[in-house]
Amino acid sequence: MFDLRSDTVTQPTAAMRAAMAAAPVGDDVFGDDPTINALQERVAAMAGKEAALIASSGTQTNLLALLSHCQRGEEYLVGQEYHTYRYEAGGAPVLGGIVPQPFEVSSDGTLDLAAVAKRIKPDDPHFPITRLLALENTHTGKVIPQSYMEQARQLVDQHGLKLHLDGARVFNAAVATGLSLAELSAPFDSVSICFSKGLGTPIGSVLVGDKAFIKRAHRWRKMLGGGMRQAGIVAAAMHHALDHHVARLAEDHDNAAKLAAGLSQLPQLQVEPAQTNMVYINYGSAAVAKQVSEHLRKQDIVVGTAQRLRLVTHLGIPATAIDGIVAAFKEALAQLS
Ligand SMILES: *Cc1c(COP(=O)(O)O)cnc(C)c1O
């Protein structure tokens, strides 16, 4: 079975499960879990930050970041299509009284910094207090240029704001650019990193930042019910992913490029260039999208049903599968015409 809907569908490997089973654990609410403590120190060091905190999901690490940077009545600047605005159920306004100020996302995945600057509020009791700019890397698979991140840093410094990165797939950006996690994180006050995407763990994200920030995030995590006990079994999977599943993201990127090249030979499809581990294809119609998805399903290939559809490569899609996937698309499309 090849499931191309997302890189979150990966199964923990036998070696990862063995690492989880063997992990020394303790009560992490007491700070006693050695595997968690080591993981947090390891990721903080890799990111070049003072401290790190593990949480269940990227939604939670992003929420912890927003709650820890912004007070009630304060505002964060964000992209309309960014996860921290659109896909987190409004957690920051609901739970933190934090006001979002969204912007259109440009085709390269960035926000127009001149437009952002215009919306930074002056000190006036009519307005929320602008506190934070939240960016994303990668965004829909696109790697955001580091020069842009440095410009964003200059902008926030001019206005006394903080800068957060939703780095759910920041390791894909690291592998694609050759930049280290520390280099990619350098412009940011905080970074949220997912391990349950391309890195292939069943659960787990990490938030990094300075010590005072992580201390605030720790309190918020407890309040949200996110304090976990013998969660070293999760941290062991994350250690395993850092050891074995980072460099191999290059294979996912190669496979996405190969998939895009193969599918672009099919005249019924419009194929956008592969971006890291994602390929977007466009069908002529919603009905075609649905029929192709149903046909592929019979071949044990799982894809979504959107008219503009995301295909994602990951640990569970070996290079040897790509030709067969392209052939199955070809057959599915041929059956329709
Ligand atoms: C997946 C994802 C997250 C976090 O999602 P969870 O499912 O809560 O771990 C955050 N940002 C982006 C861009 C993502 O793709």
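What follows draws every value from the coordinates through simple rules; no lab data is involved. Everything numeric in this text was worked out from a predicted model, so none of it was measured. Ideal geometry is used to build each Cβ from the backbone, glycine not excepted, and the neighbour counts take in all protein chains shown.
Some observations on this one:
- Just one of the numbered conditions (1) of a type in the set (A, V, I, L, M); (2) under 21 Å from Phe171 (Cβ atoms); (3) free of Cβ contacts under 8 Å to residues at least 24 places away in the same chain; (4) surrounded by fewer than 17 Cβ atoms within 10 Å (Cβ to Cβ) is not true of Ala257: (4).
- Candidates Leu199, Leu161, Leu165, filtered to the one that is surrounded by fewer than 24 Cβ atoms within 10 Å (Cβ to Cβ), closer than 29 Å to Gly141 by Cα and of a type in the set (A, V, I, L, M, F, W, C): Leu161
- Complete set of residues in the stretch 103-119 that are surrounded by fewer than 17 Cβ atoms within 10 Å (Cβ to Cβ) and either part of a loop (DSSP other than H, G, I, E, B) or in contact with a Gly (Cβ under 9 Å, 6 or more places away or on another chain) (or both): Glu104, Ser106, Ser107, Asp108, Asp112, Arg119
Residue by residue, here is whether (1) surrounded by fewer than 22 Cβ atoms within 10 Å (Cβ to Cβ); (2) more than 16 Å from the ligand (Cβ to nearest atom) holds:
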{"residue": "Phe30", "(1), (2)": "yes, yes"}
{"residue": "Glu81", "(1), (2)": "yes, no"}
{"residue": "Tyr85", "(1), (2)": "no, no"}
{"residue": "Gln101", "(1), (2)": "yes, yes"}
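- Test: residue in the stretch 157-171 that is of a type in the set (Val, Ile, Thr), within 15 Å of the ligand (Cβ to nearest atom) and either in contact with a Pro (Cβ under 9 Å, 6 or more places away or on another chain) or not in a strand (DSSP E or B) (or both): yes
- Within the stretch 295-317, tally of residues that are without any contact (Cβ under 8 Å) to a residue 12 or more places away in the chain and exposed (fewer than 13 other Cβ atoms within 10 Å of the Cβ): 1
- Every test in (1) under 26 Å from Phe171 (Cα atoms); (2) part of a loop (DSSP other than H, G, I, E, B) is passed by Gln265 save one, and that test is (1).
- Among residues that are under 18 Å from the mean Cα position of the chain (by Cα), crowded, with 19+ Cβ neighbours inside 10 Å and among the small types (Gly, Ala, Ser), Ala134 is included.
- Annotation note: Cβ proximity below 7 Å between a residue of the stretch 53-67 that is near the ligand (Cβ under 7 Å from one of its atoms) and a residue that is of a type in the set (Val, Ile, Thr) (sequence gap 6+ or interchain) occurs for Asn62/Thr84.
- Subset of the stretch 106-122 [within 16 Å of the ligand (Cβ to nearest atom) and touching a Phe, Trp or Tyr at 6+ places or on another chain (Cβ under 7 Å)]: Thr110, Leu111
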